[in-house]
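Scroll down for the structure; my scribbles are underneath it.
The values are calculated or read from the model by the stated rules, or taken from the named source; none is laboratory data. Not measured: the values here are computed from a predicted model. Don't worry about glycine lacking a Cβ; one is built from the backbone with ideal geometry, like all the others, and counts go over all protein chains shown.
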Amino acid sequence: MSAELVALGVAGILLGLAAGFAISREVTVERVRQIVGGGPGEPLESAVRDLLERSSQAEWRARLESQDLAHLTELVGTGIIRLDDDLRVTAANRAAHLYLDVAPGALLGRQVADRPGVRPDDVSEEAALGLGDVRLDAVTRTAWRNGSAADEIAVGGPEGRTLSIRARRSPSEGVWVVLEDLSELRRLQRIRTEFIDNLSHELRTPLTTVRLLTETLARDLEEIEVPERVVEIVQKIDVETGHLVQMATELLDLAKIEQAGKPQLYIDDVDLAPIVTSVLDRLALFAERQGVRLRAEIDPATPPVLGDAERLGQLLINLVHNAIKFSPSGGDVIVRARPQPAPAASASTRSAFVVLEVEDHGVGIPEADLPRVFERFYKVDKARVRGGGGTGLGLAIVRHIAEDHGGQVAVESVEGMGSTFRVTLPGAPPVPTLGRRTGD
């Protein structure tokens, strides 16, 4: 093979490689142009410059949005804390520092300890301070694990703040914590409760005295001849005084129930049958005056309930008294108690429930009023009730007592046909039976 042929072959190979490289480079450049968003035929340098400019603008907008969000969090009066996935504080507004009584900026960098995957040795001394309150740290950890958590805590001692805490895991990263100052609201609630308590005490004694005097006067008038108008006036004084005594008593009861959030209950196994009998005996005279018959239907299989006998008696008195007022002369009021088995899924771990019902065949409750009958001071049309109605507190007390016992209250009613109030209470756990000892 001559040298000319060899040189010609090498030159061809080189030309082919050069052509292939040129084609490959053109393809690569075109691909890069497409990636950076350049148009066909546009110089690559110009396309890259546009890409860098767009990236810079995006970073600038993101920085502005971040600053705007930070400015907004400073404007609101709610404490806001942002934590990352290591439960380290990355942002906290001035309200959060104020509520937790720490210097501005002192929360940044702090880390909530005891999170899975975080070792105590990995947390600095400053970071280990957490959010400044162990209960707040606990809410944050719970939200990180479960998605959300909430609580109410008092910080700063007896004269400190009452804070509502709501924590929720972010869909992107970390946990958001919102703090709201409820100190003024709780203070006003305490003032309201104390005012109602004091007012009820001050009113009940003189009103009770006035009612005893009117009852005595009414009996004395039966022995002498007086105008019928005088008798009617005395009877009206007696009725109205009775309403005032009832209002003062119910206001005092409601204040006790709502005081400090949870009333003191003396929990024991309570048999409902004696309570039903006692309540019907106490209200027998009132029912007789109204021309209403009282009847009890107690299922012998009804188990005891876990509750406070005095409070449960108060609950039943309010329901039966209410039923008598709404019943026409000649009507019936029926009190029922029956067991209700627990759901199958929890039958092995939870006792049966007990259902307590009070049924009347009176005027009923309009459908529009049903959702509100358990609200404080809410009364159905006063003209529908003989004697002018009540205080609007009886059913609110019933709801409080039922919920404080872990139960529920509901009502079913058809206007013109009557109502059934139903209270569901948890039954007392069965007494364990002792097995026979070995060797006996």
Scan the range 392-412 and tell me whether some residue there is modelled with pLDDT under 80 and not in a strand (DSSP E or B). yes
Turns out the helices (runs of 4 or more DSSP H) fully within the range 221-338 with at least 2 residues that are over 30 Å from Glu194 (Cβ atoms) and assigned by TED's automatic domain parsing to the domain that holds Arg422 are 272-282, 284-290, 309-326
Is it the case, given these coordinates, that Glu125 is modelled with pLDDT under 85, part of a loop (DSSP other than H, G, I, E, B) and under 30 Å from Arg190 (Cα atoms)? no
Report task. Might you check whether a residue that is at pLDDT 80 or above, closer than 30 Å to Trp144 by Cβ and among the aliphatic types (A, V, I, L, M) occurs anywhere in the range 185-205? Result -> yes
Here the residues within the range 176-215 that are closer than 30 Å to Leu131 by Cα and in a helix (DSSP H, G or I) are Ser183, Glu184, Leu185, Arg186, Arg187, Leu188, Gln189, Arg190
